[in-house]
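The values are calculated or read from the model by the stated rules, or taken from the named source; none is laboratory data. Just so we're clear, the structure is a prediction, and the values are computed from it rather than from any experiment. Virtual Cβ from ideal backbone geometry, glycine too; neighbours counted across all protein chains shown. Areas reflect the complete protein model, heavy atoms only, side chains present, ligands, DNA and RNA absent. Shrake-Rupley method; radii C 1.70, N 1.55, O 1.52, S 1.80 Å.
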Amino acid sequence: MSAPFRVFIGWDSREPIAYDVARHSLLKRASIPVEVTPIKVEEMRARGLYTRGKDPLASTEFTYTRFLTPALAGFSGWALFCDCDFHWLGDIAELAAYTRAPKAVYCVQHDYRPKETTKMDGAVQTVYPRKNWSSLMLFNCDHPAVRQLTPEVVNSASGAYLHRLQWVDDADIGDLPTEWNWLEGWNEKPAQGTPKVVHYTRGGPWFADWQDVDYGDLWRAERDAVLAGQETVAAQP
């Protein structure tokens with residue numbers, strides 16, 4: 001039996017239900033074995049893997065800890081990171097198929113230039129080159145460039161160096177179709193069907209002020225299923 005495909009999802013104490021839905025929706029549609037692990041900043045600090053101070057421009061608790069994914073994967077094999085504000089509507093097995101090519105990292109190479117100055121619960125909306133490339137990264141953890149992402153580098157390198165993928169040559173960055181990181185409110189809706197992954201990068205239906213968003217009804221239905229499952233488990237003796 002092959003080892004499970006490893007997925008690390010950023011976890012934020014302000015939106016735990018977003019993580020729960022991301023995890024649930026991914027596993028529900030996966031046709032391959034998958035192991036999902038949350039990246040929680042306090043756990044990373046407790047393990048001595050994360051020592052950076054608080055960055056006032058960081059919009060989530062996993063702004064920098066996402067780059068610990070290769071270290072958490074033992075710098076071996078392939079591992080995927082994604083933000084918690086993802087709703088998976090496709091089979092991750094199709095994404096895992098990209099591991100057959102020898103790139104260092106795969107991502108959707110957005111040209112995202114949001115006009116809003118804030119997002120989610122008032123978090124600052126910064127604009128920079130390659131914005132949202134790092135919100136989903138498929139890492140080849142054996143690649144020399146990826147092996148450079150040691151905890152020491154993650155704790156000391158600039159945000160630009162990390163998020164703009166300056167730690168890897170451009171030729172070693174693979175491009176994924178937009179449907180694997182479809183930005184709600186930015187990317188055009190497909191004529192048929194849905195994207196493989198909806199990314200509520202501006203804010204999602206778990207926030208009171210972000211109910212009128214594309215595919216929000218699908219997210220709320222998934223949330224209800226998650227909550228119903230949790231209640232069932234809690235009711236068991």
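Considering region 39-57 alone, what residues qualify as being among the hydrophobic types (A, V, I, L, M, F, W, C) and free of Cβ contacts under 8 Å to residues at least 40 places away in the same chain? Within region 39-57, VAL41, MET44, ALA46 meet the criteria.
When each of LEU80, LEU95, LEU138 is tested for being in a helix (DSSP H, G or I), at pLDDT 95 or above, touching a strand residue (DSSP E or B) at 6+ places or on another chain (Cβ under 8 Å) and crowded, with 21+ Cβ neighbours inside 10 Å, the lone residue that passes is LEU95. Quick check on my filter: what residues within region 177-200 are open to solvent by less than 30 Å² (accessible area, probe 1.4 Å) and touching a helix residue (DSSP H, G or I) at 6+ places or on another chain (Cβ under 7 Å)? Answer for region 177-200, where residues must be open to solvent by less than 30 Å² (accessible area, probe 1.4 Å) and touching a helix residue (DSSP H, G or I) at 6+ places or on another chain (Cβ under 7 Å): TRP180, ASN181, PRO195, VAL197, HIS199. Which one is least open to solvent (accessible area, probe 1.4 Å), of the residues in region 30-56 that are out of contact with any helix residue (DSSP H, G or I) (no Cβ under 7 Å at 6 or more places or on another chain) and of a type in the set (Lys, Arg)? Applying the filter and picking the extreme gives LYS40.
When GLN230 is tested against (1) within 27 Å of THR99 (Cα to Cα); (2) open to solvent by 70 Å² or more (accessible area, probe 1.4 Å); (3) not in a loop (DSSP other than H, G, I, E, B), only condition (1) is not met. Residues that are under 16 Å from LEU89 (Cβ atoms), at pLDDT 95 or above and open to solvent by 60 Å² or more (accessible area, probe 1.4 Å): does region 149-167 have at least one? No, region 149-167 contains no residue that is under 16 Å from LEU89 (Cβ atoms), at pLDDT 95 or above and open to solvent by 60 Å² or more (accessible area, probe 1.4 Å). Only residues that are in contact with a Ser or Thr (Cβ under 7 Å, 6 or more places away or on another chain) and in a loop (DSSP other than H, G, I, E, B) were counted in region 166-183, giving 1. If you check ALA221, ALA208 for being hydrophobic (A, V, I, L, M, F, W, C), surrounded by fewer than 18 Cβ atoms within 10 Å (Cβ to Cβ) and part of a loop (DSSP other than H, G, I, E, B), only one passes: ALA208.
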